[in-house]
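Q: Below is the structure I would like to discuss, written out as structure tokens.
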Amino acid sequence: MQLDLPQGSCLYADAGYTCYEVEDLLKECDQVQLHCCRKSNSKRKDEPHMTFLKEQYRKRIETSFSGITSFFPKKIHAVTPEGFILKLILFIFAYTLNRIIQ
């Protein structure tokens with residue numbers, strides 16, 4: 001996974017991205033902290049305040065993603081990659097306008 005993040009950044013991830021080697025490499029080489037939700041049988045347990053923060057961020061992201069995808073049709077027809085990206089940007093723009101109006 002290619003990351004272009006400034007040093008000192010925090011990256012929040014789902015429990016599916018739990019990989020201690022990648023977490024350590026990001027911390028040592030790029031000075032980027034990977035905060036992933038821990039599974040119940042994790043070897044590295046989080047402190048309660050970090051667990052709470054991670055859950056709050058995750059809920060916000062999941063809600064936003066669900067709202068954006070509700071504007072998607074079942075099939076997005078695009079001939080070029082640029083056209084596909086343009087349509088995705090317009091769906092996100094429509095979601096933003098809808099959030100402002102409500």
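The values are calculated or read from the model by the stated rules, or taken from the named source; none is laboratory data. Quantities reported herein were computed from a predicted structural model and do not represent experimental measurements. With ideal geometry, Cβ positions are generated from the backbone for all residues, glycine too; neighbour counts draw on all protein chains shown.
Table: residues versus (1) modelled with pLDDT under 90; (2) part of a loop (DSSP other than H, G, I, E, B); (3) closer than 30 Å to Glu21 by Cα; (4) small (Gly, Ala, Ser).
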{"position": "Glu55", "(1), (2), (3), (4)": "yes, no, yes, no"}
{"position": "Ile61", "(1), (2), (3), (4)": "yes, no, yes, no"}
{"position": "Val79", "(1), (2), (3), (4)": "no, yes, no, no"}
{"position": "Glu82", "(1), (2), (3), (4)": "no, no, no, no"}
{"position": "Lys87", "(1), (2), (3), (4)": "no, no, no, no"}
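Q: Taking the conditions exactly as written (of a type in the set (Phe, Trp, Tyr), surrounded by 11 or more Cβ atoms within 10 Å (Cβ to Cβ) and not in a loop (DSSP other than H, G, I, E, B)), does Phe91 satisfy them or not?
A: Details: of a type in the set (Phe, Trp, Tyr): yes; surrounded by 11 or more Cβ atoms within 10 Å (Cβ to Cβ): yes; not in a loop (DSSP other than H, G, I, E, B): yes.
Considered against the rule, which asks whether it is of a type in the set (Phe, Trp, Tyr), surrounded by 11 or more Cβ atoms within 10 Å (Cβ to Cβ) and not in a loop (DSSP other than H, G, I, E, B), Phe91 comes out as yes.
Q: Could I ask something else about it? Hey, could you check the range 1-47 for residues that are among the polar types (S, T, N, Q) and either part of a loop (DSSP other than H, G, I, E, B) or at pLDDT below 80 (or both) and say which is surrounded by the most Cβ atoms within 10 Å (Cβ to Cβ)?
A: Within the range 1-47, the first condition is being among the polar types (S, T, N, Q), and the residues that meet it are 2, 7, 9, 18, 31, 33, 40-42.
Next, from what is left, pick out any that are either part of a loop (DSSP other than H, G, I, E, B) or at pLDDT below 80 (or both): 2, 7, 9, 18, 31, 40-42.
On the way: Gln2: 3, Gln7: 7, Ser9: 13, Thr18: 17, Gln31: 12, Ser40: 6, Asn41: 5, Ser42: 13.
Taking the candidates together, the pick is Thr18.
Q: Any residue at all in the range 77-88 that's surrounded by 10 or more Cβ atoms within 10 Å (Cβ to Cβ), within 19 Å of the chain's Cα centre (by Cα), touching a residue at least 24 places away in the same chain (Cβ under 8 Å) and within 23 Å of Asp14 (Cα to Cα)?
A: In the first step, residues of the range 77-88 are kept if they are surrounded by 10 or more Cβ atoms within 10 Å (Cβ to Cβ); the result is 78, 83-88.
Checking the rest, the ones that are also within 19 Å of the chain's Cα centre (by Cα) come to 85, 88.
Now narrow it down to the ones that are touching a residue at least 24 places away in the same chain (Cβ under 8 Å): none.
Within the range 77-88, not a single residue is surrounded by 10 or more Cβ atoms within 10 Å (Cβ to Cβ), within 19 Å of the chain's Cα centre (by Cα), touching a residue at least 24 places away in the same chain (Cβ under 8 Å) and within 23 Å of Asp14 (Cα to Cα).
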